[in-house]
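Only the coordinates and a few stated rules stand behind these numbers; no lab work does. A quick note: this is a predicted structure, and the numbers were derived from the prediction, not measured. Here the Cβ positions follow ideal geometry from the backbone for every residue, glycine too, while neighbour counts run over all protein chains shown.
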Amino acid sequence: MKILARLRVLILATLTPVAVFGLGGAVLLMQKERQTLERGLRDQARALMTAVDAQLYASVTPLEVLALSPSLDRGDLAAFRVEAERAMRARSGEWGNVLLSDPSTAESLVNLLIEPGAPLPAPADADTIREAARSRHATVSQIAIGPVLPRPLFAVRVPVMRNGAAKYVLSGVVVTPTIQKLLERQALPASYTAAVLDGNFRFAARQPPPAPGVEFASESLRKALETSPGGWQRGRLTDGSEIYRAFHRSSLSRWSTAIAVPRAVVEQGIYAIWLLFAGAAIAAALGLGIAWWLALRISRPVAALAAAAPALGRGEAAALPPPGPLLEIRELAQALGDSARAIRDREERQRLAEQALRAADRAKDEFLAMLGHELRNPLASVSNAAQILKLSPHPSPLLRNVSEILARQVDHMTHLVDDLLEVGRITGGKIRLEREPLDLARSVGAVLEAWQAAGRFRHHQLHADLQPAWVSADRSRIEQVVINLLDNALKYTPAGGTIRVAVGRKGAEAALEVSDTGEGMSPELVGRVFDLFVQGERSLAREPGGLGIGLTMVKRLVELHDGTVSAASSGPAQGATFTVVLPAIEAPGVPQEHARQAPAAFAAQRVLVIEDNDDARESLAALLGLAGHEVHEAANGLQGIEMAKALAPALTLVDVGLPDIDGYEVAHRLRADPATRHLRLVALTGYGTQDDRRRALAAGFDEHLAKPVEPGLLEAMLDDRVAVLDPASNEA
């Protein structure tokens, strides 16, 4: 059969399914439009509910601040009244009154609209006062006519907690126009109806306003909200008009939002469908005639293109024949020619794409490195300041407490920065392990000893069962795993709880187990605890829980060592257990370690600090000076080189990011000069990755330390020097 006959048959065979599918497509299009409208209105109702909750709970923070008043500790209600009046003036456009109530009887103790000494009326919706005291969380009352302000009001209530119990309940009375303004800002079409309802389905706000005497939602909306927290329904308004509405009920305040659309708006798509049917029929008839005419002119150029197709598939664009007079055939010919050229250029595009990906990866690494540098510099200053306070002669208890607080928070921030910079490299597989035979028990014991010396377990009981278990591992990375597991156990174990650490060999495997008696985990959390940024819940009284990346790093590091890590918990408040399993090796023949000699007597040293950050430089110099060392300062690289030549210091601390020449160039020049090549150089910088360390050592530094640095580490470096400062030989 010739192509002309085949095309005729094809056209006739195509018209029938086109008509059938056109009808089905029109119906689907109408349904799609209605689904889109429904989804949009449901999202808008949910967003409006979120905005209402935010408005309701906007009063929580100032009320919680007011609840911390010392006058409430003393029971001095007259002094508290003055503070409450000041707080109400600060929120004069929102609060209409401030109440202080007894949590057990709900009776008012302070009412700013009633003069002191006068009888106080009973508060509206007293049940929410008792609920706030019982739940120890903020609550929102229902809409009610106030006993003092005779208009619709609602109250945000916050418990005043003292010694673990609610001593009072503090309430901020909010006027309903605040919610009405929020509703007006939605800018809904004039034909739409939107409402905000309290927990009793009473209108807190409505746009347009309800008819006089209408205070509650329609029966259809009440039933919908009672059966489902959100959805889409066909119903009626209070005036009887038929509508479709989206509704959503908050789980926080039990308030609700609803947005209604007239039925005609939703169903107007039916008329458009009929127009679409008519247009499709006309287009089909015209298409049949045009296609019948074009069929006579297609066969010849199509045959030519078919003959040239193999050559075009090999990328030979010159084999393209004349396309003929039809636009479609010309477009087909042009597409085939473009395809031939695309085949030829594909490898080039792939190469450019790979280059772009590598450039983006480098940019990300550079950004993280700069972020770490900018965060570590202020941390170093704060750490030095804390140590200065600690070393100050005869510090007061207050200063000693401030020093300990600063030191703990600097340690916490440093841990967060280290985790943030490491997680990308670890999860991306960009770290190299330096494996060696390692006794897992000894490494874990060293970490426990250091943490005990630092007082990390002072509020917990520690039980350790450490049996020798040798593995082939990177010592620093294994310590990183242990630190993160211990930090996680302390974080979720209340004071007085128990931490258990066990190490031992089980057949061909070495196992590390860290368990606690803390908050435990739900089965759902156990399955996701190693995912990035996943954390367990914490109460408001707990310390911050970090970034949620520590356990992710543990999993990746253990997997890089060909091991596995698992989590287990019997449920909330039942504690948790984390188990690391690594391939075990036989214990190597390690010679017995020599007993450590007692440290040499203290000797003052000459130290040069090259640092452009004034706070970091001056605080470090002051800290070393308090330790009895002679400290000299340089604010840039060139000045530091000259001072190093003149002073010959026992230790030179160099920041990498200097304004004139960087620290690597400083190290290079000092090593190139015979007069200074023997100096001990330490890179003290905010760039703390393994690559930064390798670069520093390659530039000539003896050591690389990331800010903030432990003062004891600097003292150890100074004690390791044999040259002692001699005041009579400053030119040594």
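Extending 7 Å from Cα along the Cβ direction at residue 665 and again at residue 242 yields two label points whose distance is 8.2 nm. With R₀ fixed at 41 Å, the C-beta to C-beta distance from residue 165 to residue 452 puts the FRET efficiency at about 0.70.
With the highest mean first, a sort of the peptides 498-504, 114-120 on other beta-carbon atoms found within 10 angstrom per residue produces 498-504, 114-120. Take the Cα of residue 30, step 7 Å toward its Cβ, do the same at residue 646, and the gap between the two points is 9.3 nm. Using R0 = 45 Å, the C-beta based FRET efficiency linking residue 43 and residue 465 works out to 0.25. Hey, rough spin-label estimate for residue 126 and residue 54, points 7 angstrom out along Cα→Cβ, what's it come to in nanometres? So the two model labels end up 3.7 nm from each other. If R0 equals 45 Å, the separation of the Cβ atoms of residue 219 and residue 114 corresponds to a calculated FRET efficiency of about 0.70. Mind running the shape call on the range 606-719? Use the C-alpha gyration tensor, a ≥ b ≥ c as the square roots of the eigenvalues: rounded below 1.5 for a/c, prolate if a/b tops b/c, oblate otherwise. In terms of gyration-tensor shape, rounded.
Each of the peptides 45-56, 102-113 was scored by the mean count of other Cβ atoms within 10 Å over its residues; in descending order, highest first, they stand as 45-56, 102-113.
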